[in-house]
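A short write-up of the structure that comes next.
The values are calculated or read from the model by the stated rules, or taken from the named source; none is laboratory data. Predicted model, so just to flag it, every value in this text is computed and none were measured. Here the Cβ positions follow ideal geometry from the backbone for every residue, glycine too, while neighbour counts run over all protein chains shown.
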Amino acid sequence: MKNFSNYTDYDKKDNLHFESKAVHGALGTEPLTGAVSMPIFQAVTYRHPALGESTGFAYSRLENPTRQELERTMAILEGGIKAFAFSSGQAANMAVFSLLNPGDHVLLSDDIYGGTFRIIGDVFGKYGIEHTYVEMDDLDAVKAAIKPNTKMFFVETPTNPMMKVADIQALSEIAKSVGALMVVDNTFLTPYFQNPLKLGADIVTHSSTKYLGGHNDTLSGIVVVKDNEEIAEKIHVHIKSHGSQLAPMDCWLLLRGIKTLPVRMDRHNENAKKVAEWLRTQPKVKKVYYVGFEDHKDYATTIKQTRGFGGMISFTVDSFETVQKILRNVDMIMFAESLGGTETLITYPTTQTHEDTPKDVKEKLGITDRFLRMSVGIENVEDIIADLDRAMNS
Ligand SMILES: *Cc1c(COP(=O)(O)O)cnc(C)c1O
């Protein structure tokens, strides 16, 4: 048994498979007591043995043992040199966009999380950072959108909520060729199904509020840096300056969630496939957006770069009345924002997650008043389908 006597040494567990790494983290056990669950270090400051001596911890905005275990675990799972845990996915993405300077330009997936629209438009726009939305699954469109000052590609794949898939490796190569950073928001698939850093991306971000936490009980965000120490240092300075780090209790909840990530993802994946196939047979359902369909236009890219399809489905129904009927009549399934938790949620993106997305963009994408998004949970799939069937058809 590897026994650590301090918080400095830890094990990357390179000899273990993903599932085992998720369970055992970085230190795995607490070094001094052997506690099998990393304790919640609810302390702000740390006593020093003497002048010039330190335990490695000084003040919890800078470092905290519970957060350190989470950050190291995420670096291990995504395959990066360093990870940072933030108070939300928004805070994580704020840190990434802060790497840009006035006059820089960023390319973003056209169909992106509503909050990300807000960060880059409302917050960073006024600091002189330019942006262009582009269909990331169209490499010619991406090349055409590049400007001399393009410094970052910010890519969500699959996209939210239209389930478009971008080729991470091809985009990373294009980004590299023009000296831009390639960032992937890996919220939807998690490192269990998709490893952007191995495909050439420089940075991965997460709203770990979703699948990583997995229980709809903790807001949090993660940034993982692949290999660039300078970028890691900039993110470190950002988190230290903004004070947007994740609190110890929430770090612990996330560590606990991550232990079961692989089993949960497998079940999400299995259930979503069955629900998507069922939806497709329904007369009131006009179109189903699901990356696991063999006739999805990006299917070849999906199977090249991921090991699973995840738990997200969007669909369009025949009328606004059907939307209202479903949202009023679901029983076990909950009409609520967010995704990635154990429970099945159904969302109405037009006025919820994508409220702030410009109307013309929404219309172009197909986010209409007949459009719904589902985060398929890990309940028994027959119950999920029965609930949908009753809500929609009776
Ligand atoms: C939810 C979400 C975010 C924002 O994360 P919060 O944890 O809610 O701040 C960012 N990106 C994606 C893809 C999301 O689903």
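Just to check your reading of the model, which residue among 190, 218 is closer than 26 Å to residue 160 by Cα, of a type in the set (Ser, Thr, Tyr), surrounded by fewer than 24 Cβ atoms within 10 Å (Cβ to Cβ) and at pLDDT 95 or above? Steps first, answer last, please.
Numbers: 190 fails: surrounded by fewer than 24 Cβ atoms within 10 Å (Cβ to Cβ).
It is 218.
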Conditions: (1) among the basic types (Lys, Arg); (2) within 23 Å of residue 230 (Cα to Cα); (3) surrounded by fewer than 20 Cβ atoms within 10 Å (Cβ to Cβ). Residue 82 meets all but one. Number of the miss?
(3)
Could you please find all residues in the range 199-231 being within 15 Å of residue 83 (Cβ to Cβ), more than 16 Å from the ligand (Cβ to nearest atom) and within 19 Å of the chain's Cα centre (by Cα)?
202, 225, 226
Tell me which residues, restricted to the range 124-140, are surrounded by fewer than 14 Cβ atoms within 10 Å (Cβ to Cβ) and on the phi < 0 side of the Ramachandran plot.
125, 126, 127, 140
Is it true that residue 117 is in contact (Cβ under 8 Å) with a residue 24 or more places away in the chain, within 16 Å of the ligand (Cβ to nearest atom), aromatic (Phe, Trp, Tyr) and not in a helix (DSSP H, G or I)?
no
Take residue 52 and tell me if it is more than 18 Å from residue 256 (Cβ to Cβ) and either more than 19 Å from the chain's Cα centre (by Cα) or of a type in the set (Asp, Glu) (or both).
yes
Output yes when any residue across the range 48-64 is under 26 Å from residue 229 (Cα atoms), surrounded by 21 or more Cβ atoms within 10 Å (Cβ to Cβ) and not aromatic (Phe, Trp, Tyr), and no when none is.
yes
Return the residue satisfying two criteria in turn: it lies in the range 59-113 and is assigned to a loop (DSSP other than H, G, I, E, B) and within 16 Å of the ligand (Cβ to nearest atom), and of such residues it is farthest from residue 213 (Cα to Cα).
110
